[in-house]
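Okay, structure first, notes after.
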Amino acid sequence: MNHTQTHKINPFIEGLWSRSWAQFKRDKLGLFGLTVVLLYFIIALGVWLNLWGANWSDISNHFNHSPSWQHWFGTNAIGQDIASRSIQATKVAFEVGLVVTFFSCCFGVVLGAVAGFYNGQWIDAVLLWLMGILDSIPFYLFVAAIAFAMQDHPLAMHIAMISVFWTNIARIIRSEVMMLKQLEFVEAAQAVGAQQTTVLFRHIIPNTNHLIIIQATLIFISAIKTEVILSFLGLGVKNGISWGLMIAESTNDIQAGYFNNFVVASTFLFILVIGFNYFSDALQDALDPKLNTNYDKQK
């Protein structure tokens, strides 16, 4: 047996992907959630390509106008088009979600895998201690504190969320790696003399992809909700527009009897959160091996 023969995906995981896709297609709410997420992504992609939403900051003399053909969702107190601002905020939400999810997963997967692979050694103890310290601090208080301390930095909000979000996926990956490293395909790689880093990054971590995908969806929507809260508090988006900023600026509008800004921003956020929750739940049901084992019995 040579080294290349041991570089393979666990057969259980290979079967899991085919069963997972079949089960996901049977979940109507999951498909609805996926449709909603794709629709929002298309909106964000259109903003990135400068197809729409470019005039979100333009000011007109149409103050607090009701919805019309010219302004689909009306205008705010200084005449800005609410539809364009909501569309632009969709792009901002996806940018925050993608950046925070990518780096949180990178840190969480690598550190969690290292902790699990060296379980019981000093590096595992140090990483567990660090995760315990971060998890013991109230979530929004810690994120807000970091964002406030770095408020002049354009990536302050992103760094604040990444510093918190990586711990949960790290714990999950650590547990999975502790289980995977006992399996035969890992022992085979070690038997032919593969280095420990090769075994970990080429043989073990690829077999945790199903868990990484599930956790990535959870981090993504959590990042968007946290961004809205921080922006509402003035600790989030600075040079742009966000649903949180729209809700914050609508507090005075509501007192004056104008609800368009608040309703539209809240509705955009609500629909995305509901859709993503349906999608994430269906994905977890399909990819979680403990839940997926029941599929063959249901078939």
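Name every residue in region 115-142 that is assigned to a helix (DSSP H, G or I) and not aliphatic (A, V, I, L, M), in order of residue number. If the condition is that a residue be assigned to a helix (DSSP H, G or I) and not aliphatic (A, V, I, L, M), then Gly116, Phe117, Trp122, Asp124, Trp129, Gly132, Asp135, Ser136, Phe139, Tyr140, Phe142 are the ones that fit. All of (1) assigned to a helix (DSSP H, G or I); (2) touching a residue at least 60 places away in the same chain (Cβ under 8 Å) hold for Phe262 with one exception: (2).
Within region 163-175, can one find any residue that is assigned to a helix (DSSP H, G or I), among the aliphatic types (A, V, I, L, M), more than 14 Å from Gly116 (Cα to Cα) and under 28 Å from the mean Cα position of the chain (by Cα)? Spell out how you get there, then give the answer.
Initially, region 163-175 is screened for residues assigned to a helix (DSSP H, G or I), giving 163-175.
Then keep just the ones that are among the aliphatic types (A, V, I, L, M); that gives 164, 169-170, 172-173.
Filter once more, keeping what is more than 14 Å from Gly116 (Cα to Cα): 164.
Okay, now just the ones that are also under 28 Å from the mean Cα position of the chain (by Cα), so 164.
Within region 163-175, one or more residues are assigned to a helix (DSSP H, G or I), among the aliphatic types (A, V, I, L, M), more than 14 Å from Gly116 (Cα to Cα) and under 28 Å from the mean Cα position of the chain (by Cα).
Among Leu235, Leu230, which is hydrophobic (A, V, I, L, M, F, W, C) and assigned to a loop (DSSP other than H, G, I, E, B)? It is Leu235. Looking at this structure, is Ala189 surrounded by fewer than 16 Cβ atoms within 10 Å (Cβ to Cβ) and not in a loop (DSSP other than H, G, I, E, B)? No: the conditions fail for Ala189. Return the total of residues in region 159-185 being surrounded by fewer than 17 Cβ atoms within 10 Å (Cβ to Cβ) and small (Gly, Ala, Ser). The qualifying residues number 2.
Within region 192-240, the set of residues being aromatic (Phe, Trp, Tyr) and surrounded by fewer than 23 Cβ atoms within 10 Å (Cβ to Cβ) comprises Phe201, Phe232. In summary, helices (runs of 4 or more DSSP H) completely within region 1-114 and bearing 2 or more residues that are at pLDDT below 75 and aliphatic (A, V, I, L, M) occur at 11-25.
Any residue that is in contact with a helix residue (DSSP H, G or I) (Cβ under 9 Å, 6 or more places away or on another chain) and farther than 29 Å from Ser66 by Cβ - is there at least one of those in region 260-277? Taking every residue of region 260-277 in turn, at least one turns out to be in contact with a helix residue (DSSP H, G or I) (Cβ under 9 Å, 6 or more places away or on another chain) and farther than 29 Å from Ser66 by Cβ. Among residues that are surrounded by 14 or more Cβ atoms within 10 Å (Cβ to Cβ), over 16 Å from Ile224 (Cα atoms), polar (S, T, N, Q) and touching a helix residue (DSSP H, G or I) at 6+ places or on another chain (Cβ under 6 Å), Asn119 is included.
Hey, among Ala216, Ala256, Ala189, which residue is modelled with pLDDT under 90, of a type outside the set (S, T, N, Q) and either within 22 Å of the chain's Cα centre (by Cα) or farther than 30 Å from Ala77 by Cα (or both)? Steps first, please.
Working: Ala216 fails: modelled with pLDDT under 90; Ala256 fails: either within 22 Å of the chain's Cα centre (by Cα) or farther than 30 Å from Ala77 by Cα (or both).
Checking each option against the conditions leaves just Ala189.
The values are calculated or read from the model by the stated rules, or taken from the named source; none is laboratory data. In this text, all values refer to a predicted model and were calculated from it rather than measured experimentally. No Cβ is skipped: glycine too gets one built from the backbone with ideal geometry, and neighbour counts run over all protein chains shown.
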